[in-house]
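The values are calculated or read from the model by the stated rules, or taken from the named source; none is laboratory data. This one's a predicted model, so the numbers in the text were calculated from it and none came from an experiment. Positions of Cβ are generated from backbone atoms using ideal geometry, with glycine treated the same way; all protein chains shown enter the neighbour counts.
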């Protein structure tokens, strides 16, 4: 099964959005003095997603874990990819200048509790989850889905531990209280 044009539009939209996020973040955080506490989590995510995506494409092209020739599964995947990209962008816009690709905190930072942050502590990661789930489905391979969600769990699980430790240290009891009334990524699941 050849990948449809709509898949490539969604795929390049995802790639372009990530480059746009990086450029925007560099601009908006240019004059911000922040304490970086990333512990390599940005690189873990970048390497994990790029390697995982490359392998997932191989699963598609070699028909490993093939879900059949059904266009419906691929279309659902494309829709999830686009939803994930826009959900991530919405979350990043809600944070404004406090969003950073690396884990960092600054003196002016606050705990944002509006928009998706009212219910989910890391909605930009929720967007990444849906993008990766959608990519696996759009590639029409259950192996790609398992691989990409496994990589997501490992890389973002590490990132969340690093980030929540930094935020708990910075905001003390306020962040602990926020954690008690929100979900990490997916409401009622994680």
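Of the residues that sit in the stretch 30-58 and are at pLDDT below 95 and touching a strand residue (DSSP E or B) at 6+ places or on another chain (Cβ under 8 Å), which one is surrounded by the fewest Cβ atoms within 10 Å (Cβ to Cβ)?
The qualifying residue surrounded by the fewest Cβ atoms within 10 Å (Cβ to Cβ) is 33.
Residues that are surrounded by fewer than 22 Cβ atoms within 10 Å (Cβ to Cβ), touching a residue at least 60 places away in the same chain (Cβ under 8 Å) and under 29 Å from residue 74 (Cα atoms): does the stretch 133-145 have at least one?
Scanning the stretch 133-145, I find at least one residue that is surrounded by fewer than 22 Cβ atoms within 10 Å (Cβ to Cβ), touching a residue at least 60 places away in the same chain (Cβ under 8 Å) and under 29 Å from residue 74 (Cα atoms), so the answer is yes.
Looking at 155, 126 in this structure, which one is modelled with pLDDT of 90 or more, in contact with a strand residue (DSSP E or B) (Cβ under 7 Å, 6 or more places away or on another chain) and either outside any loop (DSSP other than H, G, I, E, B) or closer than 27 Å to residue 54 by Cβ (or both)?
That would be 126, the only listed residue that is modelled with pLDDT of 90 or more, in contact with a strand residue (DSSP E or B) (Cβ under 7 Å, 6 or more places away or on another chain) and either outside any loop (DSSP other than H, G, I, E, B) or closer than 27 Å to residue 54 by Cβ (or both).
For the list (1) over 13 Å from the mean Cα position of the chain (by Cα); (2) in a helix (DSSP H, G or I), I need the number of the one condition that residue 187 fails.
(2)
Please go through the stretch 160-177 and pick out each residue that is surrounded by fewer than 21 Cβ atoms within 10 Å (Cβ to Cβ), in contact with a helix residue (DSSP H, G or I) (Cβ under 6 Å, 6 or more places away or on another chain) and in contact (Cβ under 8 Å) with a residue 24 or more places away in the chain.
162, 175
Listed here are the residues, each with its yes/no results for (1) more than 17 Å from the chain's Cα centre (by Cα); (2) in a loop (DSSP other than H, G, I, E, B).
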residue: 8; (1), (2): yes, no
residue: 16; (1), (2): no, no
residue: 25; (1), (2): no, no
residue: 46; (1), (2): no, no
residue: 91; (1), (2): no, no
residue: 105; (1), (2): yes, no
residue: 112; (1), (2): yes, yes
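Just to check your reading of the model, which residue among 151, 111 is within 30 Å of residue 2 (Cβ to Cβ) and touching a helix residue (DSSP H, G or I) at 6+ places or on another chain (Cβ under 7 Å)?
Only one candidate passes the filter, namely 151.
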